[in-house]
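The next block holds one structure in the form of structure tokens; read it before the comments.
The values are calculated or read from the model by the stated rules, or taken from the named source; none is laboratory data. Values in this document were obtained by computation on a predicted structure and should not be read as measured data. Cβ coordinates were reconstructed from backbone atoms using ideal geometry, including for glycine residues, and neighbour counts include every protein chain displayed.
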Amino acid sequence: MDDILKATLLYDFYGELLTERQKTVFEYYHLNDCSLTEIGEELGISRQAVRDLLKRTETLLAGYEEKLRLVERFGIQKESVRRIKNLAQEIEQTGGISTVAIEKIDKIKEIADEILD
């Protein structure tokens with residue numbers, strides 16, 4: 001998984017467990033693509049202080065994931081939903097099924113798309 005995507009997912013799942021300062025630095029760096037120097041100037045702290053805080057925050061997020069595995073489970077569930085949708089499409093393509101069955105298959109695919117989005 002791409003490092004930026006992984007960091008963003010970790011933040012999505014565990015961000016509320018961070019302090020306001022940790023959230024601010026993480027968001028500036030990862031979501032707003034600010035440099036460490038820019039963040040330091042904005043917050044009135046040194047570039048090194050920003051770097052240290054960012055690294056501690058990233059380590060903290062990774063630690064939450066190591067213990068709770070929410071992002072990992074989320075990925076597994078998304079893959080399972082994709083497989084359900086693919087199976088529904090295969091059934092639909094085999095033909096010879098009733099209109100009611102096709103409607104139910106379409107509803108299954110609709111629900112799967114809602115989960116995947």
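If we keep just the residues of the stretch 106-117 that are among the aliphatic types (A, V, I, L, M) and modelled with pLDDT of 90 or more, which is nearest to residue 11 (Cα to Cα)?
Out of the qualifying residues, it is 112.
Got a sec? Which of 60, 87, 36 is over 17 Å from residue 4 (Cβ atoms) and at pLDDT 95 or above?
Just one listed residue meets the conditions, 60.
When you check residue 41 against the structure, is it within 23 Å of residue 114 (Cβ to Cβ), of a type outside the set (A, V, I, L, M, F, W, C) and over 23 Å from the mean Cα position of the chain (by Cα), yes or no?
no
Restricting attention to the stretch 32-73, report how many residues are touching a residue at least 12 places away in the same chain (Cβ under 8 Å), buried (at least 17 other Cβ atoms within 10 Å of the Cβ) and farther than 13 Å from residue 13 by Cβ.
Number of matching residues: 7.
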